[in-house]
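Just so it is clear, none of the values below were taken in a lab; they were calculated from the coordinates. Keep in mind that what you see is a predicted model, and the values were worked out from it rather than measured. FYI the Cβ positions are ideal-geometry reconstructions off the backbone, even for glycines, and counts take in every protein chain you see.
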Amino acid sequence: MSEPKNIVDLVHGLESKDPISAAAGESKVLTPENLVGVPMDDTKDKIVAQLLANVASTNSWYPVKLPSRGSLYSNFDSDSVEVKPITYAIEKQIRHSIKAGNSNVVDLMLESCSRPLPVDVLTVPDKLFLMYKIREFSYGSTYPIVSVCKKCGAENSLNLELSGIKVKYLEDTYEEFCTMELPDSKVTCVIKPLRSADITELAESKDANEGLLEHIVSINDIKDRMIISKFIEKTTIRDVSHVREKLFSQSYGLDTKVNYFCDDCTHKNHMELSFSEHFFSAS
Ligand SMILES: [Zn+2]
């Protein structure tokens, strides 16, 4: 095979002395219609490859710099990972999963379209960032959303440019464990931030404090689990809310705040971007 061919060349080529026609049999003219039923062999692979000549990039991996700069992963010495667009086959798999009641659609997609870090160990800001990048590479940068004006209730259609969302990278001085003073007890509490797998566990946990406890490293330097557990049970709800809030807030990652003026009443709306499983479909 010398020069690239389009589909018209291909079909013509099959009628001539092209190596493809030699493999498929000289007498039969192969058009896309009568290819149905022909076994998947080398010939078909070649034809498929030709048909995909202009979309070859969908199978390429693209490097992206993580908001954490890769510094929160053990045995990982890069600031970047790779992502690739969702193919039809992966999308089909995701739709299947939704129908089967799998709520972990995002993880499934990340497993297929990002490497080499396992989904479970990703920090929450990195995970969110990778989801946006995969969406961008798969369906383009424009992401249409509808937002209801908080003042007049009018629906506003917005086109968000995913490539334009700012990323705040982790600072050099960042300490993975977060230290805070609790508002009522005034004790010093140290927590370790959530990873992707923790979010699932927290969501599934029946006892709201159970998952929380695992992320408290110490209280006034005391690390005894029993003491920490009893303290959380007995302290005020304001203290517990404070821990919870800090656990979910992150100092780095995508800036998902969006401001827009309402088309109807010109009220300035502030919204936080959120997503559903539909985030990963074209519409
Ligand atoms: Zn309005």
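For Val146 and Glu91, what is the calculated FRET efficiency with R₀ set at 22 Å and r taken between the beta-carbons, to the nearest 0.05?
0.50
How do 184-191, 117-124, 231-238 rank on mean C-beta neighbours within 10 Å, highest first?
117-124, 184-191, 231-238
So for Ile134, Ile227, Ile165, fewest C-beta neighbours within 10 Å to most, what's the order?
Ile227, Ile165, Ile134
Once each part is reduced to its C-alpha centroid, what is the distance from region 226-255 to region 114-171 in angstrom?
Cα centroid to Cα centroid, the span is 26 Å.
Identify, among Tyr260, Ser249, Ile237, the residue whose Cα sits farthest towards the positive end of the charge dipole of region 225-271, taking +1 on the Cβ of Lys and Arg and -1 on the Cβ of Asp and Glu, with the dipole about the Cα centre.
So the residue we want is Ile237.
Could you compute how fast region 120-235 diffuses translationally, taking Rh as the Kirkwood radius over C-alpha pairs and applying Stokes-Einstein at 37 °C with viscosity 0.692 mPa s? Give it in µm² per second.
Rounded, D is 185 µm²/s.
Once you put a point 7 Å from the Cα of Tyr260 and another 7 Å from the Cα of Tyr62, both along the Cβ direction, what distance in nm separates them?
That separation, rounded to one decimal, is 2.3 nm.
Consider all pairwise Cα distances in region 96-183 and report the whole-number % of them above 16 Å.
Counting every Cα pair in region 96-183, those more than 16 Å apart make up 70 percent.
Cross-link list Lys46/Lys99; Lys44/Lys99; Lys192/Lys234; Lys65/Lys246: which exceed 28 angstrom alpha carbon to alpha carbon?
Checking Cα-Cα distances, Lys46/Lys99; Lys44/Lys99 exceed 28 Å.
At 0.36 nm per residue, and after removing the present C-alpha to C-alpha distance, how many nm does the segment from Asp221 to Thr173 gain when stretched out fully?
Computed gain between Asp221 and Thr173 is 15.1 nm.
Please give, to one decimal in nm, the separation of the simple spin-label points placed at Asp120 and Phe76, each 7 Å out from Cα toward the Cβ.
Going by the 7 Å Cα→Cβ label model, 1.4 nm.
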